[in-house]
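K.L.:
Below: one structure in structure tokens.
The values are calculated or read from the model by the stated rules, or taken from the named source; none is laboratory data. Every value quoted in this text rests on a predicted model; they were computed, and no experiment measured them. All Cβ positions, even for glycine, are placed from backbone atoms using ideal geometry, and neighbour counts span all protein chains on display.
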Amino acid sequence: YPVESIRNFSIIAHVDHGKSTLADRLLEITGTISKTDRNKQVLDKLQVERERGITVKAQSASLFYNHEGINYLLNLIDTPGHVDFSYEVSRSLSACQGVILVVDANEGIQAQTVANFYLAFEAQLSIIPVINKIDLKNADPERVEKQIEKLFDIPRDDCIRISAKQGTNVEKVLQKVIEKIPPPQCNSADPLKALVFDSTFDHYRGVIANIALFGGEIAKGQKIVSAHTKKRYEVNEVGILTPNEQPTHKLYAGQVGYLIAGMKEVTEAQIGDTLFLYKQPVEPLPGFKSAKPMVFAGMYPIDQTEYNNLKSALERLTLNDSSVTVHRDSSLALGAGWRLGFLGLLHMEVFNQRLEQEYNMSVILTAPTVPYKAVLSSAKLIKWECRRHTLLYYFKCLLTGLHYKQEYGKDEITIINPAQFPDKLSVSEYLEPTVLGTIVTPHEYIGKIITLCQDRRAVQKDMLYIDENRVMLKYLFPLNEIVVDFYDALKSLSSGYASFDYEDAGYQSADLIKMDILVNGNPVEELATVIHKDKAYAAGKLLCERLKETIPRQLFEIAIQAAIGKKIIARETLKAYRKNVVAKCYGGDITRRMKLLKRQAEGKRLMRKIGNVEVPRDAFIRVLKRE
Ligand code: GTP
């Protein structure tokens, strides 16, 4: 395939607008997959994706298509739609020259349509607007075309109306891809320059790197070098994705495919890395901004004997998902573990689910927190604070191998663990991360949404009608106000019609404090949080009430308290209750007695002991999610 007949493109859309369905149709038309129901959503390979019906990880496929007598090679890169995964979207786009922008004919432009459009627009890609689901009874493609014209400045005549489900006009989309998207600008005669834009880990074959060739060619047996690690490898296999790996003799400039080169260490296939031929170095490609975690949580094995298994599962999973950051951490109550950074709460849940499903690991997760900052007040206090941190944590780091990211000597520290929240005495200012949120909603919900945003300490920045009855709102939010349940709240008060997306907007000053939750006087490490002062009382009360509902009654009375420092700000009391599983057996049948005791012991495995109180392990995540 000469470069002129190659097209590299992506499909971008708001969640559920039909990317995966359209991808399936494109694969069918080009004969890449057969037309059976079993092949539904072939690009969504992960179990969690099939279960949740969302795309988490971008997958690629090469399609062969004959148009007006010319054979084309079309490389399709699928992208996730959820806000947490926009990082994957921008990464996929770096291997493309154009995108298909899919908008639902019934729902119209949504928050992520806006966000994804700008990602493509800023990357200067050709954009093919497609209006999907025209077969729906309520479809109003004309209205959506007007929105596209108004918001994106794309002439309404450029939009293609399709039904991905029924296949209507899908062929037109392929033709537009060929006409409108330029071929990649590169040459096979140049030295090899390959961008690693994704990588997966295979238990048998090691690292499989997805690459896009920006120059030269690559074949089995060649020696290549990583610009990032400077390590040398011999290529074992190259090929294209159809969408499963299919080995080929060579990959040429402009192509997208995969490479296996005996990379065994999880850190070797750095995403954004450039590969070149041994002794033929090239200027590395710009690479990617590394993903910026927005939510941090502690992760610990349920049983410390599982530590090593969990460690290797984490290492493998993070190779498949390089946007997760991992630092070793340890806690008195929970033992040795890690502090993980995620792009958002859904990302955290999906990661946790993948650990369970793909690696059979159950873990303890602590309350999610956002990365706060503290500006320390005076040189003396900085020293004191650093010494406190250095001595305490430095030794702990040494012992546990924790990679403690303290910027010594600087007057600003980042706090990703509430346990390390510095004392008010030594701090002149606390800072919290903010995001600029985009909300698209039918106008009848505006009132309720504005109230919700104000309740979350948000400041309105913009309000624009995108047609007669749809509004786009922009708000500056403190990140911690939206991390856990803002999206759910927004969805429920708008009957599911409002959509939401956000982007990073820097730090702002905030009145923060650390709140502890105590069970019979013992701190519950999972629930320690950093919180805005004005919200502490209400949040403390709510957490205590919820925890009271979640902890089963025990043989003694239990005090559940919220505290700021030594000051108790809320309290609930759980009355004593006597549970004796063998009481009914009258001491008689010994086997029955043993069976019951065994069952109770198994139940205990699902419990965590805080002091002498047993708490179900999943209680903490349950109490954090407001219903
Ligand atoms: P994510 O992967 O989560 O981002 O979603 P997606 O954009 O890939 O959407 P997907 O293809 O999974 O489609 C979402 C739903 O819309 C599915 O139930 C599809 O069957 C349905 N759907 C997709 N295209 C059409 C269409 O043209 N007409 C109708 N009626 N339904 C469609």
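K.L.:
Which of the residues that make up the stretch 159-169 are more than 8 Å from the ligand (Cβ to nearest atom) and either in contact with a strand residue (DSSP E or B) (Cβ under 8 Å, 6 or more places away or on another chain) or among the charged types (D, E, K, R) (or both)? Let's see the steps before the verdict.
P.N.:
Pass one, the stretch 159-169, residues more than 8 Å from the ligand (Cβ to nearest atom): 159-161, 167, 169.
159, 160, 161, 169 - these are the residues of the stretch 159-169 that are more than 8 Å from the ligand (Cβ to nearest atom) and either in contact with a strand residue (DSSP E or B) (Cβ under 8 Å, 6 or more places away or on another chain) or among the charged types (D, E, K, R) (or both).
K.L.:
Let me ask something else about it. Within the set of pairs 6 or more residues apart or between chains, which connect a residue that is under 21 Å from residue 340 (Cα atoms) and touching a residue at least 24 places away in the same chain (Cβ under 8 Å) inside the stretch 414-436 to a residue that is assigned to a loop (DSSP other than H, G, I, E, B) and among the β-branched types (Val, Ile, Thr) with Cβ atoms less than 6 Å apart?
P.N.:
433/370
K.L.:
Quick check on the stretch 125-142. Is at least one of its residues assigned to a helix (DSSP H, G or I), in contact with a Lys or Arg (Cβ under 8 Å, 6 or more places away or on another chain) and of a type in the set (A, V, I, L, M, F, W, C)?
P.N.:
no
K.L.:
Which residues, taken from the stretch 427-459, are within 26 Å of the chain's Cα centre (by Cα) and assigned to a strand (DSSP E or B)?
P.N.:
Correct list: 431, 432, 433, 434, 435, 436, 437, 438, 439, 440, 441, 459.
K.L.:
Where residues in the stretch 268-311 are of a type in the set (S, T, N, Q) and either at pLDDT below 80 or part of a loop (DSSP other than H, G, I, E, B) (or both), which of them is nearest to residue 420 (Cα to Cα)?
P.N.:
Out of the qualifying residues, it is 290.
K.L.:
For the stretch 88-128, which positions are among the polar types (S, T, N, Q) and within 15 Å of the ligand (Cβ to nearest atom)?
P.N.:
Scanning the stretch 88-128 gives 92, 106, 110, 112, 113, 116.
K.L.:
Something else about it: For residue 475, state whether it is of a type in the set (Phe, Trp, Tyr), in a strand (DSSP E or B) and within 24 Å of residue 144 (Cβ to Cβ).
P.N.:
no
K.L.:
Same structure, new question: Please work out which residue is modelled with the lowest pLDDT, limiting yourself to the stretch 26-44 and to residues that are within 12 Å of the ligand (Cβ to nearest atom) and surrounded by fewer than 21 Cβ atoms within 10 Å (Cβ to Cβ).
P.N.:
37
K.L.:
Among the residues of the stretch 536-543, are any touching a residue at least 24 places away in the same chain (Cβ under 8 Å), over 20 Å from residue 441 (Cβ atoms) and within 27 Å of the chain's Cα centre (by Cα)?
P.N.:
yes
K.L.:
Which one of these is more than 28 Å from residue 319 (Cα to Cα) and part of a loop (DSSP other than H, G, I, E, B): 185, 147? I'd like the intermediate steps shown before the answer.
P.N.:
Numbers: 147 fails: part of a loop (DSSP other than H, G, I, E, B).
After applying the criteria, what remains is 185.
K.L.:
Would you please name the residue that is surrounded by the fewest Cβ atoms within 10 Å (Cβ to Cβ), looking only at residues in the stretch 229-251 that are out of contact with any Gly (no Cβ under 8 Å at 6 or more places or on another chain) and within 23 Å of residue 94 (Cβ to Cβ)?
P.N.:
230
K.L.:
Shifting gears a bit: Show me the helices (runs of 4 or more DSSP H) found entirely inside the stretch 515-627 where at least 2 residues are at pLDDT 90 or above, under 30 Å from residue 492 (Cβ atoms) and not β-branched (Val, Ile, Thr).
P.N.:
Passing ranges, in order: 533-550.
K.L.:
Which of the residues belonging to the stretch 4-25 are more than 12 Å from the ligand (Cβ to nearest atom) and either within 19 Å of residue 165 (Cβ to Cβ) or without any contact (Cβ under 8 Å) to a residue 24 or more places away in the chain (or both)?
P.N.:
none
K.L.:
Of the residues 254, 335, which single one is at positive phi, touching a helix residue (DSSP H, G or I) at 6+ places or on another chain (Cβ under 7 Å) and modelled with pLDDT of 85 or more? Show your work before the answer.
P.N.:
Values: 335 fails: modelled with pLDDT of 85 or more.
Sole residue among the options that is at positive phi, touching a helix residue (DSSP H, G or I) at 6+ places or on another chain (Cβ under 7 Å) and modelled with pLDDT of 85 or more: 254.
K.L.:
Against the definition (surrounded by 21 or more Cβ atoms within 10 Å (Cβ to Cβ) and assigned to a strand (DSSP E or B)), how does residue 502 come out, yes or no?
P.N.:
Considered against the rule, which asks whether it is surrounded by 21 or more Cβ atoms within 10 Å (Cβ to Cβ) and assigned to a strand (DSSP E or B), residue 502 comes out as yes.
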